[in-house]
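**Q** I am attaching a structure below and will ask some questions about it afterwards.
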Amino acid sequence: MPELCFGAGTFGTSNEFFKAWSETTQEEAIRIVDICMEAGVNFFDTADIYSEGASEEILGKAIKGRRDKVIISTKATFSSGKGPNDQGSSRYHLVRACEASLKRLGTDHIDLYFMHGFDALTPVEETLRALDYLVSSGKIGYIGASNFSGWHLMKALATSEKYGLARYVAYQGYYSLIGRDYEWELMPLGLDQGVGALVWSPLGWGRLTGKIRRNQPLPATSRLHKTADNGPPVPDERVYGVVDALDAVAKETGKSVPQIALNWLLQRPTVASVIIGARDEGQLKENLGAVGWSLTAAQLAALDAASAVTLAYPYWHQRGFTERNPPPVA
């Protein structure tokens, strides 16, 4: 799996939320896919709800004629219509949602199919049997979970083992220098169970672009103007402290703030790939420059220290018994 994955959530403009990310046209999408593939990035992520399906349609057209050269992941579970069965992870919904995604993407198979969220109203076994059916029928290659709690994921893995069903091999979740909650429960689980992480919003919902700084207004093009309340919460002062640390490393390395933030993630346990986005070619090429080099141990330690927070219970308590229960990261 490539270290970087392009997030096609910027493809399509169905509503104000997605317009705040970007307004990528079909022609621009083709160019973005071209640039990614020239750089060795052939992994593209989308979801059935992104711009009401338009993201999948645009991505499908952008990869036309080269499907065998790319890896595609998409997602289901969240509401894709107004009917009572147009959401959730029931067999009824998933089979139809998968068929609809295949049609929009213009392909006969999806490489990695994520449950976009945990459906507590559908039995876990029903969800996994539906996914197992889709795997055995060749419509999807592998399955993953996104935005699950640790116990959600572990229950699903145990159910797969008990009944011999397809198991989640990947977890797509939020993780960044200003949002390290993933490390507390999900990272140790991933290490123990062999579940790799595909990171979304690695720049902290647009806060680690290098353009968010003390005593400066938000850039005119920042999506935070319209989507700040929809993203992960973080105090401004914490953002500024982490950006200060990133600036210091930037001076040492000659790399940009977002490149350093992405490279830090790629050196974390369980992280298999990081999803990047872009408003334009310049931003895309900058993010692609996050690979092919590594931060030093001292630089990693400085970023770890600047981004550390007080752990929630029981994790702070467990740090008193690290000789028998060591954390995955400091």
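**Q** Just to confirm the filter: which chymotrypsin sites (Phe, Trp or Tyr not before Pro) across the stretch 1-94 are DSSP coil and have at most 12 other Cβ within 10 angstrom of their Cβ?
**A** none
**Q** Expected output is a single nm value to one decimal: the length gained when fully extending between residue 155 and residue 99, i.e. 0.36 nm times separation in residues minus the C-alpha distance. What is it?
**A** So the extension gain works out to 17.5 nm.
**Q** Apply the Karplus parameterisation 6.51 cos²θ - 1.76 cosθ + 1.60, with θ equal to phi minus 60°, to every residue of the stretch 181-194 and state each ³J(HN,Hα) to the nearest whole Hz, in sequence, with x for glycine and proline.
**A** So the Karplus estimates, Gly and Pro as x, are 4, 3, 5, 6, 10, 6, 5, x, 5, x, 5, 5, 9, x Hz.
**Q** Counting other Cβ atoms within 10 Å, which chymotrypsin sites (Phe, Trp or Tyr not before Pro) in the stretch 266-330 have at most 14 and lie in a DSSP loop?
**A** Answer by residue number: 293.
**Q** On to the next question. Can you give me the long-range amide H partners of residue 116? Hydrogens built in the peptide plane at 1.01 Å from N, cutoff under 5 Å, separation of 5 or more residues or another chain.
**A** HN-HN under 5 Å from residue 116: 76, 77, 78.
**Q** Over the chain, what is the mean sequence separation of C-alpha contacts under 8 Å (at least six apart), divided by residue count, expressed as relative contact order in percent?
**A** This gives 16 percent for the chain.
**Q** Order 67, 324 by their accessible area, 1.4 angstrom probe, all chains in place, largest first.
**A** From most accessible down to least: 324, 67.
**Q** May I ask you to give the solvent-accessible area per residue for the stretch 145-267, in square angstrom, as obtained with a 1.4 angstrom probe?
**A** 44
**Q** Follow-up. Just to check I understand the Karplus step: with θ = phi - 60° and J = 6.51 cos²θ - 1.76 cosθ + 1.60, what whole-Hz values come out for the stretch 69-78, glycine and proline as x?
**A** Couplings: 9, 10, 10, 10, 10, 9, 9, 9, 2, 5 Hz.
**Q** Another question, then. In whole Hz, what ³J(HN,Hα) sequence does the stretch 31-41 give by Karplus (6.51, -1.76, 1.60; θ = phi - 60°), x for Gly and Pro?
**A** Going residue by residue, I get 5, 5, 4, 4, 5, 4, 5, 5, 8, x, 9 Hz, with x marking Gly and Pro.
**Q** If you stretched the chain out fully between residue 163 and residue 181, how much longer would it get, using 0.36 nm times the residue separation minus the C-alpha to C-alpha distance?
**A** 3.4 nm
**Q** Determine the share of the chain's accessible area contributed by carbon and sulfur atoms, expressed in whole percent, with a 1.4 angstrom probe.
**A** 52
**Q** Quick check for me: using +1 on Lys/Arg Cβ and -1 on Asp/Glu Cβ, what's the dipole size of the chain about its Cα centre, in debye to the nearest 20?
**A** Here the size comes out at about 40 debye.
**Q** Now a separate question. Which residues' amide hydrogens lie under 5 Å from the amide hydrogen of residue 110, considering only partners 5 or more residues apart or on another chain, with H built in the peptide plane?
**A** Amide H neighbours of residue 110, under 5 Å, 5+ apart: 140, 141.
**Q** Under 5 Å between amide hydrogens, which residues at least 5 positions from residue 168 or on another chain qualify, with H placed 1.01 Å from N in the peptide plane?
**A** Result for residue 168 returns nothing.
**Q** Could you let me know the centre-to-centre spacing of the stretch 112-183 and the stretch 305-330, using Cα atoms, in angstrom?
**A** First find each Cα centre; the distance between them is then 26 Å.
**Q** Ranked highest first by the average count of other Cβ atoms within 10 Å around their residues, in what order do 33-42, 82-91 fall?
**A** 33-42, 82-91
The values are calculated or read from the model by the stated rules, or taken from the named source; none is laboratory data. The structure presented is a predicted model; accordingly, all values stated were derived computationally and were not measured. Note that each Cβ is placed from the backbone with ideal geometry, even for glycine, and that neighbours are counted across all protein chains shown. These area figures cover heavy atoms from the full protein model, side chains too; ligands, DNA and RNA do not enter into them. Shrake-Rupley method; radii C 1.70, N 1.55, O 1.52, S 1.80 Å.
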